[in-house]
1. Would you mind telling me which numbered condition in (1) open to solvent by less than 10 Å² (accessible area, probe 1.4 Å); (2) outside any helix (DSSP H, G or I) D:VAL163 fails?
2. Return yes or no: is D:ALA181 more than 30 Å from D:ASN103 (Cβ to Cβ), touching a strand residue (DSSP E or B) at 6+ places or on another chain (Cβ under 8 Å) and in a helix (DSSP H, G or I)?
3. So which pairs qualify, if the first residue must be in the range D:51-65 and of a type in the set (Asp, Glu), the second must be open to solvent by 30 Å² or more (accessible area, probe 1.4 Å), the Cβ gap must be under 6 Å, and the two must be at least 6 apart or on different chains?
4. What number of residues in the range B:329-353 are surrounded by 15 or more Cβ atoms within 10 Å (Cβ to Cβ) and under 23 Å from the mean Cα position of the chain (by Cα)?
5. Take the residues in the range C:303-322 that are under 17 Å from C:LEU275 (Cβ atoms) and in a loop (DSSP other than H, G, I, E, B); name whichever of them is most open to solvent (accessible area, probe 1.4 Å).
6. Looking at (1) free of Cβ contacts under 8 Å to residues at least 60 places away in the same chain; (2) crowded, with 22+ Cβ neighbours inside 10 Å; (3) over 30 Å from A:GLN288 (Cα atoms), which one does A:ILE132 not meet, given that it meets all the others?
7. Could you grab me the full set of residues in the range B:189-222 that are open to solvent by 30 Å² or more (accessible area, probe 1.4 Å) and more than 26 Å from A:ALA34 (Cα to Cα)?
8. If we keep just the residues of the range A:72-82 that are within 14 Å of chain C (Cβ to nearest Cβ) and of a type in the set (A, V, I, L, M, F, W, C), which is surrounded by the fewest Cβ atoms within 10 Å (Cβ to Cβ)?
4 protein chains.
Amino acid sequence: MSSHPQQFASDNYAGICPEALAAMTLANDGSAVAYGDDEWTTRASDAFRRLFEAECEVFFVFNGTAANSLALASLCQSFHSVICSSAAHVETDECGAPEFFSNGSKLLVAPSEGGKLTPDAIRTLANSRSDIHFPKPRVVTITQPTETGQVYSRDEVLAISAVCRELGLKLHMDGARFAQACATLGCTPADITWRAGVDVLCFGGTKNGMAVGESIIFFDRALALDFDYRCKQAGQLASKMRFLSAPWVGLLDSGAWLNNARHANACATRLADALEDLPGISLMFPVQANAVFLHARPPILDGLRTKGWRFYTFIGGGARFMFAWDADPARVDSLASDIRALALEEHQERVAA
Amino acid sequence: MSSHPQQFASDNYAGICPEALAAMTLANDGSAVAYGDDEWTTRASDAFRRLFEAECEVFFVFNGTAANSLALASLCQSFHSVICSSAAHVETDECGAPEFFSNGSKLLVAPSEGGKLTPDAIRTLANSRSDIHFPKPRVVTITQPTETGQVYSRDEVLAISAVCRELGLKLHMDGARFAQACATLGCTPADITWRAGVDVLCFGGTKNGMAVGESIIFFDRALALDFDYRCKQAGQLASKMRFLSAPWVGLLDSGAWLNNARHANACATRLADALEDLPGISLMFPVQANAVFLHARPPILDGLRTKGWRFYTFIGGGARFMFAWDADPARVDSLASDIRALALEEHQERVAA
Amino acid sequence: MSSHPQQFASDNYAGICPEALAAMTLANDGSAVAYGDDEWTTRASDAFRRLFEAECEVFFVFNGTAANSLALASLCQSFHSVICSSAAHVETDECGAPEFFSNGSKLLVAPSEGGKLTPDAIRTLANSRSDIHFPKPRVVTITQPTETGQVYSRDEVLAISAVCRELGLKLHMDGARFAQACATLGCTPADITWRAGVDVLCFGGTKNGMAVGESIIFFDRALALDFDYRCKQAGQLASKMRFLSAPWVGLLDSGAWLNNARHANACATRLADALEDLPGISLMFPVQANAVFLHARPPILDGLRTKGWRFYTFIGGGARFMFAWDADPARVDSLASDIRALALEEHQERVAA
Amino acid sequence: MSSHPQQFASDNYAGICPEALAAMTLANDGSAVAYGDDEWTTRASDAFRRLFEAECEVFFVFNGTAANSLALASLCQSFHSVICSSAAHVETDECGAPEFFSNGSKLLVAPSEGGKLTPDAIRTLANSRSDIHFPKPRVVTITQPTETGQVYSRDEVLAISAVCRELGLKLHMDGARFAQACATLGCTPADITWRAGVDVLCFGGTKNGMAVGESIIFFDRALALDFDYRCKQAGQLASKMRFLSAPWVGLLDSGAWLNNARHANACATRLADALEDLPGISLMFPVQANAVFLHARPPILDGLRTKGWRFYTFIGGGARFMFAWDADPARVDSLASDIRALALEEHQERVAA
């Protein structure tokens, strides 16, 4: 038994899934040419092209911070701006990485409850200023699913890309949990990316069973010009690239990329379903991917912590539970049971008071 | 048998060594807190502190490009300059990464045959300009061993750090193959770093048996202030950090870090010894680490290529052979034998002509 | 008569004041050593040191964008953040210059009606995050007077600097119209800067009668280390520096710096006083410097435009009138008279309707 | 009489020429719209378009550091490189400004005696590396005339632009003393710029009689896209723009731009002619613009300094004399006379020894 019982605090607390590990182990046989000129990297790139049914350009970098920041930097200059939601990871949790990689591009933030951008919000921000004293909007970035687990439908992406085209903006998708969105929507990856007008996708591997690694996929190949130089200069070219690319082969060829996501999503739904109609508990957002955000009275959250559960909390009594590829349904049930007991107990005390 | 016969083109063509792989596998048991707040990262940091007999600050990043560039950026501002040898990797093979991470610091390059900097060269560059129209020297970086496999003795490092102190310069050591230098010198890591005046060391893992990862070690802890933020912003904070840190535990606790290096060095010496007194062949540099640089007549190099050997070549008939932790002595002998046969054949043809 | 009738749209529509022009003309006599090693630059620096009763370090740059951005960049690293008001010029009108010069520092914006920061707002922002996924607060910048013409009292600056000291933050003052604040407060420049805890001041010249030029004044001299290199690298070192510094001698030695500001402020008050108790007209902010912000019904503003007046407008019916050193009181009266007539006319029409 | 006797150390020691000053004074009449939307700026831009017989895009910035750095930054990304001569000002005297503005572009330096680049040197540098570990060449910059006063002929520029086109490189011309080159060649400005394949020209004003200011001229207008935002963000947008643009109207409309240059050139030739056949004195470079570089025995240079002459010196006994628009021929004769006397005296002593 592990010394680290599952805590559902984050999906990056999980380890490497079997399919990724097996591919890494296979890739470790003998020597291979460095910097991506190896067979595994070719295979992984081809696997992405098959998955997306497109002759896209594929790059492998170490993490999501770099993937998103490099992609955005390739789409704008320092005096341009990037439109995003107020909940966007690039705004709230990257320590200024987009500004750093782009040498100063400003993020224009649209207020958003659930993290989704809308065509109206984009249009409002894009048109709010047109003088040279303010950075010129050049890119829109959306997170699919959002940081709160909301999934953009294909139509929503299409509506956003339409306004982007109209306003001369490029469309970037932060897909740190892109697989989870595919699992939810039941669409092909192509349908909710390039066929819906997305120019560049950052497809997350780390949160879906890899040790390390994200891929950047340019559907408009012209935008990928010299992107390999950009990665190298920014410290994102792995010398033993096969260990970044082979796990993708493992995930994509086996279908684990989607199965992992389905499992994670199912665990979130399992928790949400088990908490329906409980007093003192409510969902902050609809559960559409692998996250559950709960409003819960403080004594309930305190009680959970006392019982050893670990989770992220937010001002106002919110708690985030995040499910990974390896989430144990029995542990989810155990969590649900603890929440239920605490909620009912807290309810009775309040009623009694 | 591997489909990729060992080619000795680079030590980053090798895979993951058993000790590193075992640690990764162990670390993959269950979930762990992200971003370095896990046990493996604590253990790896402590292992470095024991190895260096110092309360140093330790950071784990993805690759050498980032390790060196971030370390240098933390030691200077954009209007400062970094003194290095003309052979320094940061100058010749990082696609401008030091300039990018520092937002414009200039590298001042001292001509060097074997890649070593000298106190005189440093002094000359540092004193060449003192006006504000030229970047102010602030850091010296040396590669240990150099890109040509030369090892700085402890006295050489001491002499360099003395001139650094005198001129108000910080001393950075690019130790992409630091273990190989330790193996050659038989010194403790402390003796050739902080006890010899080094402020910051980048200690390479990838070229010594890891899949991915380098560590940055600040002996002057004050210089590490907010360095964690710098890593995060620059896309060098791994979420599943345990997979970057655990391999270090495997390498350091087992002694493999040094054994791997000794083996690689021994293979280089083995090749060099086998080629002594061959006509048409000479060493470009003394063999002090895990590289052999040969001058060889073009027909000899052509012959090697025909036989399937892969190696880096240089203008003027140079060839580099680089040995990794997994270099097979039998393959080294086979290479030596091929070189010998080609050299003698070429010699006879020349004599006959 | 000028072909450009005064329009009160901005105080940078004005030309060069006589004292500045006279000094430039004098400075144009013969040749002078370049890059600041001339007598005028020495005299100007000394004049600032006398004015501030302090051994401050003084630098002359071309404009306010650069002055503020360079000062902020010298106080923080790319992974740090700068706390400012939502109305701060550095946030709203510099096209991302602070982010560019600092290579990515993020501005943390406190909501503010009149543009003033408060100790509470600073504390809230500074304490909102303490993890490495968000830039670490390092500097506070306040605009004195604010972009809406509000003047921080000495006590307000003191209260802000106290919270800065407590939280380990540096305090920067954007003084694009610093002279106007001095004129309003009747304090010595020292009293509302270094004696109140300001670390660095950007003192505006352009908006107070100069052709071009701002000065950056470091009260904590240690913070100015190598700042001359920073200016040079950033394209802010004038070769014929005397033409940037001499006007300061003209302004400071003659007292014009303060007289210009008093005059500008008086014109603002003159307009405000003339509009008291007018129907359909109200001040958006108290008039404390050289700006008047009016709420006025759209027909009134339309009427003013029809009569040829030029001014900045804001969403919701706001209009900004800005008075320079050369504002003609007769023109101010004429403007007041036009507003009065339009307001009364509009009022009658509304009453009649 | 001036308190600063002419010293010929640099052409930026000179003041403002009458035509530039007159235009500034005229421009100072009344108020004008800020940030370049004024009549003077329109007139200056149009004057440039007439001068160059082209619909070029024209921008006005504060100094040459910014002009060249911004122009280069607009032509390449951070992972690209700029090919220049080892004598290029951007390499030797801008404190890393090109690297700063471009966020890390590397300068690839071709060895050069007189500062001229050749097609061969460009080709060699451009082809020296083609892997992603080294910045990709993207721009060539030439200084016309070079820092040593050498003028590229029209054919030389054509040959360079031909190799640029062939290799996919843009061609930038640093014309800090462009007027002097025009004066020497007797060509139209168009003939040695866009008609010879130059994409962007930085045309110097400061060294030709202005107080402050350079213009950036894009002959390929597509390259100027959003360049106004770039200038603004980089602190190079003057609010009272008329004072940067009006002097250009003064210089261009009057022909002073060329007359000033001719005069400066003539003074250089006057000195050179006067020193022919002197013992112990030789020209380091042919005199083709407004600079004279002399080899002179140390006692001669010491003697000149004793007599109060100021000039730049170089390793190996070189001295630079630089002539501005206001150089006094009588002072030139006086300098020549002093050199002659010292040279003859030194010669006699040597002969006697």
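The values are calculated or read from the model by the stated rules, or taken from the named source; none is laboratory data. This one's a predicted model, so the numbers in the text were calculated from it and none came from an experiment. When we count neighbours, we look across all protein chains shown, and the Cβ atoms used for this are built from the backbone with ideal geometry, even at glycine. Protein only, heavy atoms only, side chains kept; ligands, DNA and RNA dropped before computing areas. Shrake-Rupley method; radii C 1.70, N 1.55, O 1.52, S 1.80 Å.
1. (2)
2. Considered against the rule, which asks whether it is more than 30 Å from D:ASN103 (Cβ to Cβ), touching a strand residue (DSSP E or B) at 6+ places or on another chain (Cβ under 8 Å) and in a helix (DSSP H, G or I), D:ALA181 comes out as yes.
3. If the second residue must be open to solvent by 30 Å² or more (accessible area, probe 1.4 Å), the pairs left are D:GLU57/D:ARG221.
4. Result for the range B:329-353: 1.
5. Within the range C:303-322, the match that is most open to solvent (accessible area, probe 1.4 Å) is C:LYS307.
6. (2)
7. Across the range B:189-222, the qualifying residues are B:ASP191, B:TRP194, B:ARG195, B:PHE219, B:ASP220, B:ARG221, B:ALA222.
8. My answer is A:CYS76.
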